[in-house]
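Values quoted throughout were computed directly from the atomic coordinates according to the rules given, and no laboratory measurement underlies them. Since the structure is predicted, the reported quantities are computational estimates derived from the model, not experimental observations. Positions of Cβ are backbone-derived with ideal geometry, glycine not excepted, and every protein chain shown enters the neighbour counts.
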Amino acid sequence: MKTKMTFIAASAALALMVGAARADDAKTVYEKNCAACHAKDGTGNTPAGKKLGVKDYTDPAVQAAMKDDEMIKAIKDGIKDGDKTKMKAFGDKLSADDVKALVAYVRAFKK
């Protein structure tokens, strides 16, 4: 029984570490690929963000209007406005888990 409890505790600790590592990875991915337009704080208050009219991810109304599946599609496929690319696609650069972690990271900007 003691061995089983130790295994369960170790598994829980490992799951927490993996979750923390994934959050750090999402932050790194966001800062490398998204922050130039969306700002490190998610407000979109950058020259590129203002020019493109990006959403303020800190706004609860914006967060409520965004659906996870739409965010996943935008990250994977990018966003076009006619012939213009508003956001490049990252589907070939990020795994499905990375995309989901990135969505969770963006959700954390909500005030």
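Counting every alpha-carbon pair across the range 39-91, the share separated by more than 13 Å comes to 65%.
Gain on full extension, evaluated as 0.36 nm per residue between THR85 and ALA64 minus their Cα-Cα distance, stands at 5.1 nm. Test of understanding: extend the Cα→C-beta vector of LYS50 to 7 Å, then name every residue of the range 75-97 with backbone N under 11 Å from that spot. Under cut-off, by backbone N: nothing.
Extension gain, ALA104-ASP92: 0.36 nm per intervening residue step, less the Cα-Cα distance, totals 2.4 nm. Please list, by residue number, every one of the chymotrypsin sites (Phe, Trp or Tyr not before Pro) in the range 29-111 that is coil in DSSP and has at most 16 other beta-carbon atoms within 10 Å. In loop regions of the range 29-111 (DSSP not H, G, I, E or B), there are no sparsely surrounded chymotrypsin sites (Phe, Trp or Tyr not before Pro).
Rounded to the nearest 20, the Cβ-based charge dipole of the range 35-76 about its Cα centre (Lys and Arg +1, Asp and Glu -1) stands at 220 debye.
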